[in-house]
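**Student:** Take this structure, written in structure tokens, and hold onto it; I'll ask about it next.
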Amino acid sequence: MNIDIGSTIKKLRLDSKITQEEVASYLDISYQAVSKWETGTTMPDIALLPKIATFFGVSIDDLFSVNHEDELERVAHILSYERLTEQSWLYAKRTLDAALQDNEDDVRALKSYARLHLKKTNDDLLEAGRMLEKAMELSPLDDEIYGLYRWVRGGGAYKTHSDDDWFIRVCEPYAKRFPQSTQLMVMLVEAMIRMRYFERAEEYIHLMQPDNSKEYLHQIYLGDLELARGNLDHAKAIWNTVSEKDSEGQYEVGERFNRLNEHEQAIKCFWNAFHTAAVPRHLDAVFSPAFLYTKLGRKAEAIEAWQLIIETLASDHNDCDSDTVEWAKREICKLQEL
């Protein structure tokens, strides 16, 4: 291994657009001494290494340069066998930057750079997952933790496992202990249905303990389960048992009929959701029929829906000039020009 601190100092200096005189002034030595280091005539005194590293904002280890091939081998070892730290990430990045600066068509460096970014993402998400697993133990009724965990375990090389099976494995014990955690139960049931763990999904649907405002969740997910099993008529029959006075439940039923392209039933549910909602009303239940009417070529009804959005923003939210209002006005203009 060829140690060449001088060439490293020269590269750091040139990258930072710093003169030899500025380096010398900071170190309280002559610029000729810096020049000799950079040409390999002499090497810096070991006592100066901490100060040199501080000046360039690097570690002392970073000052010890090896030849190009050795550096790439070191990067390969980091990518294959080591957990990525901030220091090793910076080392690999600098090495690959230098390799690509020498030859922008260096395929080995390009592939290594891609692996470096993938490794950083996965290592970061793994560490985030470990932290959230600890947070679950400390605060098992905090729904936000499970939402975050669902997200971080969906990254990179771990995607296949983490999207569903990994989430189920880690979070199922908490669902058994805390069935009142509605968000956790919903995410768990959705994952089980996607994995086709139908019997387990049904068990957890019945274990759900949502508050009174979300009792419709049992019917929604029992319907989803039957749909996944291939029992379409049974699924629709279950969804249709959701009370027409349950605003949130009607909206969820409307979404499911919309996915099935049963547009009239979907529109009926969306309007039920809107007209039974408490003030101030959310507008999702009006946006949905507005888009559906446009899709179906029912221009007059689409215009009425967009006008209702403008009116509801004003009456329920005291909003007369937001971006949403302007958007609704633009949609009306586009429809009128058709």
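**Student:** Which number in (1) under 28 Å from Leu116 (Cα atoms); (2) of a type in the set (Val, Ile, Thr); (3) touching a residue at least 24 places away in the same chain (Cβ under 8 Å); (4) open to solvent by 90 Å² or more (accessible area, probe 1.4 Å) marks the one condition that Ile9 misses?
**Tutor:** (4)
**Student:** Can you work out which of the residues in the stretch 59-95 that are under 13 Å from Ile9 (Cβ atoms) and open to solvent by 30 Å² or more (accessible area, probe 1.4 Å) is modelled with the highest pLDDT?
**Tutor:** Here the answer is Ile60.
**Student:** Looking only at the stretch 315-322, decide whether some residue is crowded, with 19+ Cβ neighbours inside 10 Å and assigned to a helix (DSSP H, G or I).
**Tutor:** At the first step, the residues of the stretch 315-322 found to be crowded, with 19+ Cβ neighbours inside 10 Å are none.
No, because not a single residue in the stretch 315-322 is crowded, with 19+ Cβ neighbours inside 10 Å and assigned to a helix (DSSP H, G or I).
**Student:** I'd like the full set of residues that are in contact with a helix residue (DSSP H, G or I) (Cβ under 6 Å, 6 or more places away or on another chain) and either under 30 Å from Asp163 (Cα atoms) or open to solvent by 60 Å² or more (accessible area, probe 1.4 Å) (or both), limited to the stretch 96-117.
**Tutor:** Answer for the stretch 96-117, where residues must be in contact with a helix residue (DSSP H, G or I) (Cβ under 6 Å, 6 or more places away or on another chain) and either under 30 Å from Asp163 (Cα atoms) or open to solvent by 60 Å² or more (accessible area, probe 1.4 Å) (or both): Ser112, Tyr113, Arg115, Leu116.
**Student:** Is there a residue being within 30 Å of Glu127 (Cβ to Cβ) and either aromatic (Phe, Trp, Tyr) or under 42 Å from the mean Cα position of the chain (by Cα) (or both) anywhere in the stretch 23-43?
**Tutor:** no
**Student:** Next up: Within the set of pairs 6 or more residues apart or between chains, which connect a residue that is closer than 23 Å to Val189 by Cα inside the stretch 120-147 to a residue that is assigned to a loop (DSSP other than H, G, I, E, B) with Cβ atoms less than 7 Å apart?
**Tutor:** From the stretch 120-147, the pairs are Gly129/Arg153; Pro140/Phe178; Leu141/Phe178; Leu141/Ser181; Asp143/Ser181; Ile145/Ser139.
**Student:** Moving on. Among the listed residues Ala300, Ala290, which satisfies the condition of being within 32 Å of the chain's Cα centre (by Cα) and modelled with pLDDT of 95 or more?
**Tutor:** Numbers: Ala300 fails: within 32 Å of the chain's Cα centre (by Cα).
Ala290 is the lone residue from the list that is within 32 Å of the chain's Cα centre (by Cα) and modelled with pLDDT of 95 or more.
**Student:** Among the candidates Glu301, Glu255, Glu264, single out the residue that is in contact with a Pro (Cβ under 9 Å, 6 or more places away or on another chain), under 29 Å from Asp233 (Cβ atoms) and in a helix (DSSP H, G or I).
**Tutor:** After ruling out the rest, the residue left standing is Glu301.
**Student:** When the stretch 273-298 is examined, which residues are found to be open to solvent by 70 Å² or more (accessible area, probe 1.4 Å), assigned to a helix (DSSP H, G or I), closer than 20 Å to Asp319 by Cα and not acidic (Asp, Glu)?
**Tutor:** His275
The values are calculated or read from the model by the stated rules, or taken from the named source; none is laboratory data. Just so it is clear, the structure is predicted and the values come from calculations on it, not from any experiment. Reconstructed Cβ throughout: ideal geometry from the backbone, glycine too, with neighbour counts over all protein chains shown. Please note that ligands, DNA and RNA were not included when accessible areas were found on the heavy atoms of the full protein model with its side chains. Shrake-Rupley method; radii C 1.70, N 1.55, O 1.52, S 1.80 Å.
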